[in-house]
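Novice: Below you will find the structure I want to go over with you.
The values are calculated or read from the model by the stated rules, or taken from the named source; none is laboratory data. Just so you know, these numbers come straight off a predicted model, no measurement behind them. No Cβ is skipped: glycine too gets one built from the backbone with ideal geometry, and neighbour counts run over all protein chains shown.
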Amino acid sequence: MAATSNKTKKREDLLRDDARCREAFRRGERWAMATVYRTYLPLVKAVAVHGFGSFKGFFDPIDQEDCIQTVFATAFEERARLRYNGYDPYAAFLRGLSHNIVRQMLDKKRRFDRVPETGPDDETTVEDAYIDHQVAQLCRQFRDSLAESDQTILDLYFCEGWAEERLAEHLSLTRYRLRKRIQGLHKRMRKYLKAHGITDA
């Protein structure tokens with residue numbers, strides 16, 4: 001009787017198995033990055049559309065596409081390309097990165113969409129909730145009017161609480177220049193809200 005093997009076939013993974021593509025990807029060569037995008041797009045799309053854990057995926061196609069492009073933009077940064085060790089499946093590395101991007105997007109959405117709960121015993125709650133909701137809408141509109149680099153500062157510093165040192169390194173800026181841009185953004189935001197009748201935000 002022929003013995004049966006207990007070994008299971010190792011699942012193929014482009015970047016782990018193809019050393020030439022892996023090294024070209026690490027160097028940022030365009031053909032390798034295009035190959036990685038085409039190969040792993042179904043994986044990232046599945047995370048954005050179908051979700052993971054309790055997250056059931058983004059319903060809005062715009063959010064789905066935003067998630068996909070943000071994941072690949074992050075994965076294609078030099079620091080992320082060099083961080084992949086080449087031994088574990090890149091699919092697992094990219095899936096973990098995708099989950100982190102989704103969590104950041106959901107957290108940012110909650111921060112901008114947050115509206116306090118209303119209660120029947122608080123006479124000012126409904127009015128306060130309306131004002132807070134109006135401020136959140138204006139903040140979203142203000143963000144959309146900014147250049148991409150300023151949106152990044154707004155998201156990471158004001159919303160996610162990044163320290164100046166970390167953010168300056170992330171943006172390749174000196175802390176002095178970053179501090180000036182933060183101060184400018186803060187003034188512009190207050191001016192924008194004031195122009196729309198919000199003076200105490």
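Matching residues to (1) at pLDDT 90 or above; (2) under 12 Å from the mean Cα position of the chain (by Cα):
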position	(1), (2)
Tyr40	yes, no
Val47	yes, no
Ala92	yes, no
Asp107	no, yes
Arg110	no, no
Thr124	no, no
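Novice: Further question on the same structure: When the residues of the range 16-57 are narrowed to those that are part of a helix (DSSP H, G or I) and in contact with a Gly (Cβ under 7 Å, 6 or more places away or on another chain), which ends up surrounded by the fewest Cβ atoms within 10 Å (Cβ to Cβ)?
Specialist: Looking at the filtered set, the residue picked out is His50.
Novice: Looking only at the range 70-94, which residues are on the phi < 0 side of the Ramachandran plot and not in a helix (DSSP H, G or I)?
Specialist: Of the range 70-94, the ones on the phi < 0 side of the Ramachandran plot are 70-85, 87-94.
Selection gives Phe76, Glu77, Tyr84, Asn85, Tyr87, Asp88, Pro89.
Novice: For the range 165-181, name all the residues that are over 23 Å from Arg79 (Cβ atoms) and surrounded by 11 or more Cβ atoms within 10 Å (Cβ to Cβ). Spell out the reasoning first.
Specialist: Step one: of the range 165-181, the residues over 23 Å from Arg79 (Cβ atoms) are 176, 179-180.
Arg179, Lys180 - these are the residues of the range 165-181 that are over 23 Å from Arg79 (Cβ atoms) and surrounded by 11 or more Cβ atoms within 10 Å (Cβ to Cβ).
Novice: Right, something else. Name the residues in the range 159-201 that are small (Gly, Ala, Ser) and not in a helix (DSSP H, G or I), would you? If you could, list the steps in order and put the result at the bottom.
Specialist: Going residue by residue through the range 159-201, those that are small (Gly, Ala, Ser) are 161, 163, 168, 172, 184, 195, 197, 201.
Residues satisfying the conditions are Gly161, Ala163, Ser172, Gly197, Ala201.
Novice: I need the full set of residues from the range 79-93 which are over 19 Å from Arg20 (Cβ atoms) and of a type outside the set (Gly, Ala, Ser), in order please.
Specialist: Arg79, Arg83 - these are the residues of the range 79-93 that are over 19 Å from Arg20 (Cβ atoms) and of a type outside the set (Gly, Ala, Ser).
Novice: Follow-up question, since we're still on this one. Tell me yes or no: at least one residue of the range 62-69 is part of a helix (DSSP H, G or I), more than 23 Å from Gln151 (Cβ to Cβ), assigned by TED's automatic domain parsing to the domain that holds Met105 and at pLDDT 90 or above. Break it down into steps so the answer makes sense when it comes.
Specialist: Initial filter on the range 62-69 (part of a helix (DSSP H, G or I)): 62-69.
Those left that are additionally more than 23 Å from Gln151 (Cβ to Cβ): none.
So far as the range 62-69 goes, no, none of its residues is part of a helix (DSSP H, G or I), more than 23 Å from Gln151 (Cβ to Cβ), assigned by TED's automatic domain parsing to the domain that holds Met105 and at pLDDT 90 or above.
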